[in-house]
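Only the coordinates and a few stated rules stand behind these numbers; no lab work does. Nothing here was measured: the structure is a model prediction, and the numbers come from that model. Positions of Cβ are generated from backbone atoms using ideal geometry, with glycine treated the same way; all protein chains shown enter the neighbour counts.
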Amino acid sequence: MRVSTSGWLVVLVTLAMLIFGAGTVLAGPLDMPGAPQAMVCSACHGFAGQSRSSTIPILAGMAPWYFKKAIQDYAAGKRTSPEMEPYAKMVMQSGIDDIAAYFAAQERAPSPVKVDPAAVERGRAAAAQCTVCHGASGKGDASKGVPDITGQSPGYLRNQILLFKLDRRSPGDDQLKAVKALMRTIPDGQISDLASYWSSIR
Amino acid sequence: MNASTRREFLRTSSWAGLGLLAAGCAPKVSDFARKSGRRVVVIGGGWGGATAAKYVRLADPSIEVVLLEPNKEFVSCPFSNLVLSGQRTIESMTFTYDGLRAHGVQVLHETATMIEPDARRVRVGAEALPYDRLIVSPGVEFQWDQVEGLAAAQDRVLHAWKAGPQTVELARQLQAMPDGGVFVLTIPPAAYRCPPGPYERTCQVAWYLKHNKPKSKLIVLDANPNIISKTALFRAAWAAYPNIDYRGSNKVVKVEPGAREVTTELGDKVKYDVLNLIPPQRAGTIAVTADLVGADKRWCEVNHLTYESAKHKNIHVIGDSTIGLPVPKSGNVANAMGKICAVAVTSLLNDKPVPTMAPGNTCYSWVSDREAIAVVNTYKIDGGKVVQIEQKLTPGQSEAWAQNAVGWANSIWADMLG
């Protein structure tokens, strides 16, 4: 019997798959509950919520409580976004708990968006005010309703600081009174610096 | 071998692929004449097909995926109107298929010539590719015969409605047009690919003329009675461009390139210096030759959960070629259909239930060099059919939406091809 080079490779690969356990690949990255429903999000938020775009937030590794509040506020129009309001309503109808759990289970890689190193340094010098709530690490405290802001997309962080400052994100939300009071003290010129700094933190 | 390199190894290894890699040559159709494991063939590497090919591999790497796409590179239609105004280069929206190859997709730069549904084979000339399931994402084809004189003038009358060399050539003609010249843009009757696309193009051409050829004008001959998408937002944007002469219910039925003249259904003759004629459209040719189109002979009816053709089993149709879903013919919708179809196909091949998934549509239009508008539609499945949950428009135009448009483009290009 004549066996071609590629035929031998097939044999070798078969052996390799047997040795290294081909069965493990059958549980694909999309088998988790919520994964199929979360797929519509990846067009903007990246595969598994790993956004690569400045103004679009990373959802990977986001605490479920934070994800769910964001979706509920977008759906109710408390966070105004023509993009997110229809999608938030879709998420609420297609299984918010599973989708929140799916994104929470994804390992977050920091934003690949490049930020100006000089802005990072200016932001570092002004970042102490943020650590009062978000902690020295910036990782937040789920028990107090404070999110992890490290490695998040810089344009998204900048926009949120501005929306808090102008009281255009969830107006009247008691939980956000303190953060908004603090944001009002941040000069406009410092907002991008702080966003760049926290986005750069690993 | 640690866990991650093992995954990488398994991800990139498929039977034929590894053999060919060793042989150091590009894969050929004849390499796939026989099928050892389960195989999905995808026809068309655009927004739907590229996404479907990648996501089948993500969902189940044990399934072999062969993608048939004649073009060596992917050129994005979304953002290509910015090439006309000189805001972007065509290179900035041109990508290779290497990202798909890294996911183990076998990319063959060939054209599918026929489908044999009973034998479950795709013909490429004299050769044939067997499949277990076929995903057809052929985009649109132009109905040249709907405009008199167009078929014979295809090389001179530009559509620029499939981004690529025609986009670059139309930009060149626009730049070369003398100041005081007339640019005519004609819009076909719905349904056609990208409903807001012609109106975004109107903005970009008008912006270019306003800033570079202030004595020139743009005549828009629309077969539809009015702007068919983001109507009020485009009307507001056009207030900045008095050089636009928009004429609704002006279907173009004849073109005479020698006389540089088009004729409308009403018999009006309009002279041009530069013409951009977007022809009427139907599903891509393979959908017609393979009998996937419905009674209208133009578009393909599909199951709303699996995208399986209403006419042939084991063949799924996605993207602009489909009809019957309340969705626009957009790149974003094709991307969503690609994912849903990929999950459905993998579930069916594994005898698993098909999850209930609906598409979404996020669509930005650039109304100047720095401002954009958007429309968003989301959907759900109700009674086995796709129905709309909500449509939302931006309240106006802004640079912030334009930033989001850039973010969307970079994300979705990577979602398809990265």
For segment B:322-413, which chymotrypsin sites (Phe, Trp or Tyr not before Pro) are both in a DSSP coil and crowded by at most 15 other Cβ atoms within 10 Å? none
Quote the FRET efficiency, to the nearest 0.05, computed for B:GLU91 versus A:ASP98 with a Förster distance R0 of 30 Å and r equal to the Cβ-Cβ distance. 0.15
Under unit Cβ charges (Lys, Arg +1; Asp, Glu -1), what dipole magnitude, rounded to 20 debye, does the protein assembly as shown have relative to its Cα centre? 600
Dividing the alpha-carbon radius of gyration of segment B:31-112 by 2.2 N^0.38 Å, where N counts its residues, gives 1.24
Is segment B:203-259 rounded, prolate or oblate when judged by the Cα gyration tensor, a ≥ b ≥ c being the square roots of its eigenvalues, rounded requiring a/c under 1.5 and prolate requiring a/b larger than b/c? oblate
Within the protein assembly as shown, the percent of DSSP beta bridges that are antiparallel, given to the nearest 5, stands at 55
Please check which bits of segment A:167-197 a label hung off A:ALA125 would reach, taking the label as a point 7 Å along Cα-to-C-beta and the cut-off as backbone N under 17 Å. A:186-197
Which is farthest toward the positive dipole end of segment A:31-109 among A:SER81, A:ALA43, A:VAL91, measuring Cα position about the Cα centre, with Cβ charges +1 (Lys, Arg) and -1 (Asp, Glu)? A:SER81
Are there any GluC sites (Glu not before Pro) in segment B:200-309 that are in a DSSP loop and have at most 16 other Cβ atoms within 10 Å? List them by number. B:GLU265
Projected area, mean over directions - segment A:31-109, Cα convex hull, nm²: 4.6
What is the Rg over Rh value, at two decimals, for chain A, using alpha-carbon atoms and the Kirkwood definition of Rh? 1.13
Say the dipole of chain B comes from +1 at the beta carbon of Lys and Arg and -1 at that of Asp and Glu; which of B:PRO279, B:ASN332, B:VAL293 then lies farthest toward its positive end? B:ASN332
Mind checking which of A:PRO57, A:PRO171, A:PRO187 has the largest fluctuation in a GNM of chain A, springs on alpha carbons under 10 Å? A:PRO187
In whole Å, how far is the Cα centre of segment B:91-146 from that of segment A:126-182? 48
With unit charges on the beta carbons (Lys and Arg positive, Asp and Glu negative) and the dipole taken about the Cα centre of chain B, which residue among B:GLN204, B:SER62, B:ALA405 sits farthest to the positive side? B:SER62
With T = 4 °C, eta = 1.567 mPa s and Kirkwood Rh from C-alpha pairs, the Stokes-Einstein D of the protein assembly as shown in µm²/s is about 50
If the elastic network links every pair of Cα atoms under 10 Å, which of B:VAL302, B:VAL42, B:VAL375 fluctuates the most in the Gaussian network model of chain B? B:VAL375
With +1 on each Lys and Arg Cβ and -1 on each Asp and Glu Cβ, how big is the dipole of segment B:116-264 about its Cα centre, in debye rounded to the nearest 20? 540
Which trypsin sites (Lys or Arg not before Pro) in segment B:213-246 sit in a loop by DSSP (not H, G, I, E or B) and have at most 15 other Cβ atoms within 10 Å of their own Cβ? B:LYS215
With +1 on each Lys and Arg Cβ and -1 on each Asp and Glu Cβ, how big is the dipole of chain A about its Cα centre, in debye rounded to the nearest 20? 320
Whole angstrom only: what separates the Cα centroid of segment A:65-97 from the Cα centroid of segment B:341-386? 17
